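Colleague: Below you'll find the structure I mean.
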Amino acid sequence: MFYTIIIFIAVLSILVLAHEFGHFIVAKKRGVKVEEFGVGFPPRLWGIKRGETIYSINWVPLGGFVKLKGEGGEDTEDLDSFAHKKIWERSLIISAGVIMNILLAALLLGIGFIFGIPQAIDENLPSYAKVSDQKINIMEVIDGYPAKAAEIELGDVVSSIDGNEYKKITEMQNYLADKNGQPVIFKIQRGEEVMEKEIAPVILEEGYAGIGVGLVESGKISYPWHLAFWEGLKATIILLKAIILAFYELFKNLILGYGLTAELSGPVGIAVVTGKVARMGILHLLQFTAILSVNLAIINFLPFPALDGGRFLFLIIEKIRRKPVNQKIENFVHNTGFLLLMLLVIIVTYQDIVRFGGKFLEIWQKIIN
């Protein structure tokens with residue numbers, strides 16, 4: 001729907017503006033001339049010049065850029081050129097976008113924690129945390145067990161069993177423990193839909209009866225306003241570690257020949273998910289945007305040509321060699337890397353269209369009609 005496209009572009013714009021503003025403000029502070037601050041990729045739709053910088057909005061709304069004087073290795077003698085600056089200054093300018101995305105995630109989570117955002121409940125919650133709207137969510141559906149046959153899905157909420165409501169997993173497990181082979185009525189909530197499913201528990205590997213699901217207790221967690229942003233920063237660091245570990249496992253499996261163990265999503269897939277999250281409420285959207293911001297930070301700092309991490313890697317090589325890499329070679333590597341990234345985007349986008357075909361066509365028809 002058109003609503004999904006608008007929300008997606010708004011979220012993407014916030015992430016890109018934060019990232020590019022990081023490069024922009026640090027470059028300014030280090031005395032580098034910023035020739036253009038662009039949202040989206042050219043061709044240019046609109047632009048205005050303020051001081052020495054052109055601020056532009058471009059036709060391709062899937063990114064953004066900051067054009068610095070001397071970023072291609074030219075004007076090395078000019079004091080306001082990026083190429084003239086010391087390695088530590090250039091490193092700081094390149095890293096600033098990633099840092100800004102991490103700070104944005106902490107800010108968004110901090111705002112969310114003031115009002116309460118969904119989170120798993122564990123024993124490590126601080127005493128000043130306020131928990132509301134407690135639920136038991138299904139986080140895993142195991143093949144070969146009754147839950148799978150009953151079409152229980154990841155993310156479903158168990159509202160009640162035989163009319164009994166539970167807030168604790170152990171209470172639910174205790175009720176089912178001696179129900180081997182006896183049909184029980186599960187009331188399941190899936191988004192806006194509420195359904196009832198009759199499922200007969202079986203004996204699990206652990207020796208007691210169950211239906212073959214992994215469960216997690218969740219609720220809306222909030223903190224006093226003066227502690228919410230500190231908790232947002234802590235949550236961002238935890239999220240950062242988790243996503244880095246996920247990328248490590250992804251690349252390790254690819255190197256070892258195990259293939260992809262997770263599905264990758266491109267712009268279409270992220271747009272569809274963004275629309276779904278937005279319909280769940282502004283706090284869910286804040287949380288999702290924070291997750292996207294951390295993902296963007298990590299992906300951007302991968303040591304791949306054309307990304308910030310690739311440019312940072314060339315600065316490390318320069319430091320080790322005590323002289324810059326030949327600029328023609330570096331530019332060729334980055335341009336090749338950019339083309340490969342665009343090819344990857346096209347491939348992943350095609351997979352998204354296949355996976356979300358009906359939803360994508362619905363969105364596209366809304367645009368052209």
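The values are calculated or read from the model by the stated rules, or taken from the named source; none is laboratory data. In this text, all values refer to a predicted model and were calculated from it rather than measured experimentally. Positions of Cβ are backbone-derived with ideal geometry, glycine not excepted, and every protein chain shown enters the neighbour counts. To get the accessible areas, we keep the full protein, side chains included, count just its heavy atoms, and leave off ligands, DNA and RNA. Shrake-Rupley method; radii C 1.70, N 1.55, O 1.52, S 1.80 Å.
Colleague: Among the residues of the stretch 73-97, count how many are assigned to a helix (DSSP H, G or I), surrounded by fewer than 22 Cβ atoms within 10 Å (Cβ to Cβ) and either in contact with a Phe, Trp or Tyr (Cβ under 8 Å, 6 or more places away or on another chain) or at positive phi (or both). Step through it out loud before you land on a result.
Modeller: Just the residues of the stretch 73-97 that are assigned to a helix (DSSP H, G or I), to begin with: 82-84, 87-97.
Okay, now just the ones that are also surrounded by fewer than 22 Cβ atoms within 10 Å (Cβ to Cβ), so 83-84, 87-89, 91-92, 95.
Those still in the list that are either in contact with a Phe, Trp or Tyr (Cβ under 8 Å, 6 or more places away or on another chain) or at positive phi (or both) too: 91, 95.
Residues that pass the stated criteria total 2.
Colleague: OK, next. Please determine whether any residue of the stretch 8-17 is touching a residue at least 60 places away in the same chain (Cβ under 8 Å) and closer than 24 Å to residue 79 by Cβ.
Modeller: Checking the stretch 8-17: not a single residue is touching a residue at least 60 places away in the same chain (Cβ under 8 Å) and closer than 24 Å to residue 79 by Cβ.
Colleague: Still on this structure, please answer the following. For the stretch 183-199, how many residues are at pLDDT 90 or above and outside any strand (DSSP E or B)?
Modeller: Final tally of qualifying residues: 1.
Colleague: Any residue at all in the stretch 344-358 that's surrounded by 13 or more Cβ atoms within 10 Å (Cβ to Cβ), at pLDDT below 65 and not in a helix (DSSP H, G or I)?
Modeller: The answer is yes; a qualifying residue exists.
Colleague: Follow-up question, since we're still on this one. Which condition from (1) of a type outside the set (Lys, Arg); (2) within 30 Å of residue 223 (Cβ to Cβ); (3) open to solvent by 80 Å² or more (accessible area, probe 1.4 Å) is the one that residue 153 breaks?
Modeller: Here residue 153 meets the rest and fails (2).
Colleague: Please work out which one of (1) assigned to a helix (DSSP H, G or I); (2) crowded, with 20+ Cβ neighbours inside 10 Å; (3) modelled with pLDDT of 75 or more is the condition residue 221 fails and give its number.
Modeller: Here residue 221 clears every test but (1).
Colleague: Taking residue 132, is it open to solvent by less than 60 Å² (accessible area, probe 1.4 Å), assigned to a strand (DSSP E or B), more than 26 Å from residue 295 (Cβ to Cβ) and at pLDDT 90 or above? Even if it seems obvious, please write down each step before you answer.
Modeller: Values: open to solvent by less than 60 Å² (accessible area, probe 1.4 Å): yes; assigned to a strand (DSSP E or B): yes; more than 26 Å from residue 295 (Cβ to Cβ): yes; at pLDDT 90 or above: no.
Criteria not met by residue 132.
Colleague: Just the residues that are open to solvent by 70 Å² or more (accessible area, probe 1.4 Å) and in contact with a helix residue (DSSP H, G or I) (Cβ under 9 Å, 6 or more places away or on another chain), please, taken from the stretch 109-129. Walk me through how you get there before you give the answer.
Modeller: Step one: list which residues in the stretch 109-129 are open to solvent by 70 Å² or more (accessible area, probe 1.4 Å), which gives 115, 122-124, 127-128.
Once the filter is applied, which keeps residues that are open to solvent by 70 Å² or more (accessible area, probe 1.4 Å) and in contact with a helix residue (DSSP H, G or I) (Cβ under 9 Å, 6 or more places away or on another chain), the stretch 109-129 yields 115, 128.
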